[in-house]
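First up is the structure itself, then whatever we jot down about it.
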Amino acid sequence: MEVPHYYFAKKPEAEKKDEIEPGGVPLHQMVARRPMRDFIGLEECDKMTCEAMLNFSFYLTIGDMDEAFKSIKLIKSEAVWENMACMCVKTQRLDVAKVCLGNMGHARGAKALREAEREPELEARVAMLAVQLGMLEDAEQLYKQCQRYDLLNKFYQASDQWQKAIEIAETQDRVHLRTTYYNYAKHLEAIAERNFAIT
């Protein structure tokens with residue numbers, strides 16, 4: 001292990017899969033390299049950024065938020081901040097996510113996160129962060145995990161997954177069933193499918 005990478009010994013089958021076309025030069029590399037979770041997307045970062053991220057991860061792990069924020073204060077790369085914001089979805093650290101969104105200049109995401117603070121479930125708040133970062137599969141899983149089917153229904157409607165929205169409304173979120181059908185009809189009307197909207 002050498003930060004920011006893990007090194008693995010490859011299986012012989014993996015080497016065969018990596019071969020180029022027949023007649024090409026086969027790869028004889030027996031070692032594979034993968035970035036650590038905290039460093040995905042930052043494989044080619046400079047030494048100062050790598051060291052700052054390493055210190056940040058260390059201080060975050062031991063719970064010293066002041067030192068963690070001090071260690072990343074000088075990072076200017078938007079890719080680093082975006083990577084850290086995505087990491088906050090996995091670790092469910094909304095306090096760190098606010099700083100990341102601010103440094104990314106993601107005003108809409110910061111506003112949505114502030115509005116989501118009204119939700120009592122941590123998973124629902126983290127799901128809103130995931131939506132803002134484009135991590136839709138994670139958001140869907142988080143809404144299911146906290147059993148907030150009303151928010152899951154809205155999520156499906158917003159992401160144009162109407163069949164799933166109707167299914168959730170019929171089985172888990174009956175309170176919003178009529179509203180879901182109404183919104184679906186409005187959607188069909190907007191895309192000029194008036195015959196389906198009426199039925």
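Bear in mind that the values in this text are calculations on the coordinates, not laboratory data. All of these numbers come straight from a predicted model, not from anything done at the bench. Note that we place each Cβ from the backbone using ideal geometry, even for glycine, and neighbour counts take in every protein chain shown.
Here is how the numbers come out for the structure above:
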quantity: Region 43-150: relative contact order as a whole-number percent, Cα under 8 Å and 6+ apart; calculated: 16
quantity: Relative contact order (percent, whole number), region 148-198, Cα cutoff 8 Å, 6+ residue spacing; calculated: 26
quantity: Extension reserve of the residue 47-residue 111 stretch, reckoned as 0.36 nm per residue once the Cα distance is removed; calculated: 19.7 nm
quantity: Extension gain, residue 64 back to residue 186 (0.36 nm per residue minus Cα-Cα distance, nm); calculated: 38.9 nm
quantity: Separation in nanometres of the label points that stand 7 Å from Cα toward Cβ, at residue 175 and residue 73; calculated: 4.5
quantity: Using a Förster distance of 35 Å, the FRET efficiency for residue 6-residue 121 (Cβ separation, nearest 0.05); calculated: 0.55
